[in-house]
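Please treat every number below as a calculation from the coordinates, not as lab data. Source: prediction; values computed, not measured. Methodologically, a virtual Cβ is constructed for each residue, glycine included, from the backbone with ideal geometry; neighbour enumeration extends over all protein chains shown.
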Amino acid sequence: MNITKKILVALLALMLGGTGCDKFLDVNQDPINPTDVDIPLLLPTAQASMSTYLGHSVLGLSQPTAGIMQQLVNFRVGSFALDGNTLNNQWQGLYTAMLENNEQIITRGTATSAWGHVGIAQIQKAYVFSQMVDVWGDIPYSQALQGIGNPAPAFDDDAAIYADLFRLIDEGIANLRRTDASRNPGAEDLIYNGDRNKWIRLGNTLKLKLYNQIRLTRNVASEVTPLLSGELITAADDFEFRYGIGAGNPENRHPGFQGDYVSTSRENYINPFFYNLMKDNSDPRIPYYFYNQVTSPATLANVDYQDGRFIAIRFGSIGPQAGANTSTTRTLQGLYPIGGRYDNGAGGAATGNSGRGNVPQRFITFFMRKYIEAELQLTVLNNPTAARTAFTDAVNASFAKVNAIAAADGSPTIPEATITAYRTAALARYDAAAGNEGKLNVIITEKYIANFGTGTDVYTDYRRTGYPNVPNAATDNDPQTVATGGFPVRLPYRINDLLSNPNAPQTQPDITTERVFWDR
């Protein structure tokens with residue numbers, strides 16, 4: 001998709017500020033081709049689109065998957081009420097706004113020997129397609145992104161797509177290492193500012209992530225072992241998209257902040273399961289994760305779930321207060337996931353001025369890398385000792401991430417003694433766990449907590465491992481909660497594509513039984 005500079009500005013404004021539905025052209029319709037646009041304009045557009053449609057907001061995949069995984073309660077997902085219209089924006093935006101622009105970078109960069117840009121785009125393409133396969137399974141891949149050249153692309157086998165992604169990453173790394181590029185990426189790269197070495201480390205880390213993802217389908221030890229001792233992302237290399245603090249036109253704060261703070265109707269509740277999981281372990285990250293609007297713990301009327309100042313709704317609630325207006329009392333997502341407000345205990349109804357909204361959208365962080373290493377050491381290499389070391393590093397890095405966000409916000413940081421106490425308790429749980437399976441439960445549960453704001457990977461981890469032990473439906477012992485559907489092991493396709501593309505599946509798959517190829 002080619003876009004002019006004016007359209008680029010409008011597109012960025014829409015992507016960063018929109019909260020509506022179906023804003024983009026159909027994925028199987030070729031858009032009108034206006035004036036040619038150079039690579040330095042295409043790259044930030046592709047990256048902003050990646051953040052919007054994979055991210056933690058109404059337009060992104062992270063918010064609904066966080067709802068599925070009991071971190072949030074969101075009525076767009078409901079109690080597993082998913083159909084072919086639920087994820088229109090995400091499917092359509094990833095193809096038309098992200099992947100089409102990204103493909104133009106590969107095509108034009110190859111033609112002009114802009115190998116650094118090509119390598120970046122190839123790694124971005126591999127990452128986005130891996131995320132899409134993880135939630136949808138078979139999708140258009142080999143015949144996709146051809147516009148009028150193929151308006152009805154076939155849906156490729158999910159395992160075959162994954163196999164090709166490893167080739168694509170290797171090709172991207174090779175292009176980033178080339179010394180004969182006609183130009184070098186720079187400030188137009190909003191993620192790594194053109195640093196090729198960081199992109200190479202990310203490429204290797206992405207391969208490690210994908211090998212971990214398919215570890216139940218075959219033995220990946222021979223591929224994993226050299227990667228673990230190779231070039232992987234460091235604490236300075238987090239793969240994330242940074243937002244600003246601008247509240248003007250265009251709005252460039254985190255879209256999740258816009259949905260939960262700027263919008264008075266609020267997008268989400270915090271799921272009581274997630275809150276209680278952290279509370280039961282005396283997790284010191286709670287005031288960074290959740291912001292309580294109420295000023296005192298006094299019992300409130302018209303509330304479905306209350307624990308002191310924590311106000312929420314149960315998943316699948318049909319209780320008498322399930323529909324009560326709690327926009328000024330419910331607990332909101334806090335500083336860590338979307339740049340909301342750090343909870344200092346004072347409370348107060350949140351507005352668009354209650355936080356800065358500039359927390360990055362995280363994709364793959366150093367702490368995620370370490371959790372992946374811990375899982376691989378435990379399950380593939382059968383080395384609980386090495387897994388424990390990686391797990392320790394992961395917990396440390398996850399707290400360091402919270403503290404970095406707090407420091408940038410001007411909020412208090414978590415004292416080292418408090419972190420040490422939590423880490424000691426987490427390691428004690430690991431040591432006491434029965435066998436590798438019990439230890440894996442501990443690792444993934446901690447990763448689940450650390451990954452708040454990156455719902456797609458939380459959803460993927462659960463389907464691969466079965467951890468943490470989240471409720472898949474409303475609890476049997478609570479007559480005021482119900483589930484409207486079974487737990488989705490994949491997400492439904494966009495209905496418009498099934499209807500308009502003769503090469504699409506003839507029917508919507510059963511999302512409660514038809515699993516993605518790597519699923520346990």
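Would you please give the residues with an amide H less than 5 Å from that of T481, counting only those at least 5 places away or on a separate chain, with H modeled from the backbone geometry?
I318
Give me, ordered by chain and number, the residues 5 or more places off I311 or on other chains with an amide H under 5 Å from its own placed amide H.
The list, which skips near neighbours in sequence, is T331.
Can you tell me the relative contact order of the chain? Whole percent, Cα pairs under 8 Å, sequence separation 6 or more.
Dividing the mean separation by the residue count of the chain yields 20 percent.
Would you kindly derive the ³J(HN,Hα) couplings of the range 83-90 from the backbone phi angles with the Karplus curve 6.51 cos²θ - 1.76 cosθ + 1.60 (θ = phi - 60°), listing them in order in whole Hz, with x for Gly and Pro?
Each residue of the range 83-90 in turn: 9, x, 9, 5, 10, 3, 4, 5 Hz.
If amide H atoms are built 1.01 Å from N in the plane of the peptide, which residues on other chains or at least 5 residues away come under 5 Å of the amide H of F363?
Those lying under 5 Å, H to H, from F363 are F239, E240, F241.
Place a +1 charge on the Cβ of each Lys and Arg in the chain and a -1 charge on the Cβ of each Asp and Glu, then give the dipole magnitude about the Cα centre in debye, rounded to the nearest 20.
With only Lys, Arg, Asp and Glu charged at Cβ, the dipole is about 880 debye.
Distance from a point 7 Å along Cα→Cβ of S263 to each backbone N in the range 76-101: keep the residues under 15 Å and list them by number.
Backbone N within reach: 76-78, 86-90.
Between their Cα atoms, which of K198/K439; K207/K401; K125/K439; K125/K209; K209/K447 are more than 25 Å away from each other?
Pairs exceeding the cut-off: K198/K439; K125/K439.
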